[in-house]
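Before any comments, here is the structure.
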Amino acid sequence: MRIFGVVGYKNAGKTGLMERLVTEIAGRGFSVSTVKHAHHSFDVDHPGKDSYRHRQAGAHQVLLSSRARWALMTELRNQEEAPLADLLTRLNPVDLVLVEGYKRDTHAKIEAYRSVTGNPLIARDDTTIRAVASDTALDVTQPVFDLNDTKTIADFILKEVEL
């Protein structure tokens, strides 16, 4: 499986870019999966639901299934967060996995950057960032694309991962 990341600070446009890239690349006939890193605790389950009650009772894993989808929830219970490489092994094979976050991992990435946030560019100090998708002109060594030019960004990523 080929992977390519989208990184950037909060409100830089990562999620919107990811969404547009999935639509664009899948629309070209490639199979795409995504991995999203969350810096905070999150829950896909809801108090009172049976699966939530199973987890609260102490289940290590709960698999919830319906005709539309299934989800496997694993409780870490104070264990270390799983590394990206381990999580990738749990995905079904696809042409491309787009990863949102995990900016410290060593896979190739594009940085989403919005000038209004006032954050520094990660790309200046990170050789794993192959390009920047920005709402403003930038002076960096990597290629800079318009943040909203999804087609050109998708072309770049597909070339980088040799698809």
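The values are calculated or read from the model by the stated rules, or taken from the named source; none is laboratory data. Values in this document were obtained by computation on a predicted structure and should not be read as measured data. Please note: Cβ atoms are built from the backbone with ideal geometry, for glycine as well, and neighbour counts cover all protein chains shown.
Any chance region 37-53 includes a residue that's modelled with pLDDT of 85 or more, surrounded by 11 or more Cβ atoms within 10 Å (Cβ to Cβ), among the polar types (S, T, N, Q) and in a strand (DSSP E or B)? Checking region 37-53: not a single residue is modelled with pLDDT of 85 or more, surrounded by 11 or more Cβ atoms within 10 Å (Cβ to Cβ), among the polar types (S, T, N, Q) and in a strand (DSSP E or B). Pairs linking a residue in region 144-161 that is free of Cβ contacts under 8 Å to residues at least 60 places away in the same chain to a residue that is in a loop (DSSP other than H, G, I, E, B) and not aromatic (Phe, Trp, Tyr), with Cβ atoms under 6 Å and 6 or more positions apart or on different chains, are Val144/Leu138.
For region 11-33, a tally of residues being without any contact (Cβ under 8 Å) to a residue 24 or more places away in the chain and among the charged types (D, E, K, R) returns 1. Residues in region 1-24: is at least one assigned to a loop (DSSP other than H, G, I, E, B) and under 24 Å from Arg90 (Cβ atoms)? Yes, there is a match, as at least one residue in region 1-24 is assigned to a loop (DSSP other than H, G, I, E, B) and under 24 Å from Arg90 (Cβ atoms). Of everything in region 54-81, what is under 24 Å from Gly101 (Cβ atoms) and loosely packed, with under 13 Cβ neighbours inside 10 Å? Give them in sequence order. Once the filter is applied, which keeps residues that are under 24 Å from Gly101 (Cβ atoms) and loosely packed, with under 13 Cβ neighbours inside 10 Å, region 54-81 yields Gln61, Arg69, Trp70, Ala71, Leu72, Leu76, Arg77, Asn78, Gln79, Glu80, Glu81.
Which one is nearest to Gly29 (Cα to Cα) among residues in region 74-114 that are among the basic types (Lys, Arg) and outside any strand (DSSP E or B)? Looking at residues that are among the basic types (Lys, Arg) and outside any strand (DSSP E or B), I get Arg90.
List the residue pairs whose Cβ atoms are under 9 Å apart, where the first residue sits in region 35-47 and is among the charged types (D, E, K, R), the second is in a strand (DSSP E or B) and at pLDDT 70 or above, and the two are 6 or more positions apart or on different chains. What qualifies is Lys36/Val99; Lys36/Glu100; Asp43/Met73; Asp45/Val62; Asp45/Leu64; Asp45/Ala71; Asp45/Met73. When His39 is tested against the conditions (1) out of contact with any Ser or Thr (no Cβ under 8 Å at 6 or more places or on another chain); (2) farther than 22 Å from Ala112 by Cα; (3) not aromatic (Phe, Trp, Tyr), the lone failure is (2).
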